[in-house]
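Peer 1: One structure coming up, written as structure tokens, with questions to follow.
Here, each number is a calculation from the coordinates, and none is a lab measurement. The shown structure was predicted, so the numbers you read here are calculated from the model rather than taken from an experiment. All Cβ positions, glycine included, derive from the backbone under ideal geometry; neighbour counts span all protein chains shown.
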Amino acid sequence: MRISTACKITIFGLTLFMPILFFGRVFAHGGGDEQIVREKAGPYYVTVWSTSDVRSSDLHFTVAVGDLEDSPVLNASVIIKVTPLDKGQPEIAKPATTGQSANKFRYETDFSGIETGVYLITVTINGDTGKGVTYFEMEHGYHEDTFWWNAVVVLSVVVLGVSGFLYLGRVRRDT
């Protein structure tokens, strides 16, 4: 029995992209929603990703720091400060480290108990070549209900799977 190239590509594509279809974004500990990309902050280039989970009230940050020659900076002190803009809550600051990162070329940290709202995020980098600061605003917790989207994806996969089995059964009978 010979499976066509198109069938192989389809199966490979579905296998590769199913987690993205189900969960909608890259998971924490190495990714999330891009907030800033390669922004210059003093003697560094900084990229920041965040993952916001309203159900657990967690806010996760991943930070990539590079020098001006595009080499990763792994020995800096990275502090992330979360300041609420629409509530009277106090600001919270935590260090981001490579120690809790799945990708040791990135700094990561988690904040727990963060209420939904709009926040100013300040990222401060202190390293051998100096200090850099960057900031951005983000919304935390305005989560969409994805039940129907997930149901459509599951139904599509079932239909594709049944179609594939019917196709393979037909090919076997014809040969």
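Peer 1: Which value, in Å to one decimal place, does the Kirkwood hydrodynamic radius take for the stretch 35-119 when every pair of different Cα atoms is included? Please list the in-between numbers first.
Peer 2: Values: mean 1/r = 0.0733 Å⁻¹.
Averaging 1/r across every pair of different Cα atoms and inverting gives 13.6 Å.
Peer 1: If you don't mind, there's one more thing I want to ask. Suppose the chain between Thr83 and Asp70 were pulled fully straight at 0.36 nm per residue; how much longer would it get relative to their current alpha carbon spacing? Write out the running numbers ahead of the final one.
Peer 2: Details: separation 13, 0.36 × 13 = 4.68 nm, distance 2.96 nm.
So the extension gain works out to 1.7 nm.
Peer 1: Moving to a separate point now. For a paramagnetic label modelled at 7 Å from the Cα of Asp33 toward its Cβ, which residues of the stretch 49-83 fall within the zone defined by backbone nitrogen distances under 20 Å?
Peer 2: Answer for this model: 49-64, 80-83.
Peer 1: Roughly how many nanometres apart are two label points built 7 Å out from the Cα toward the Cβ at Asp174 and Asp128?
Peer 2: 6.4 nm
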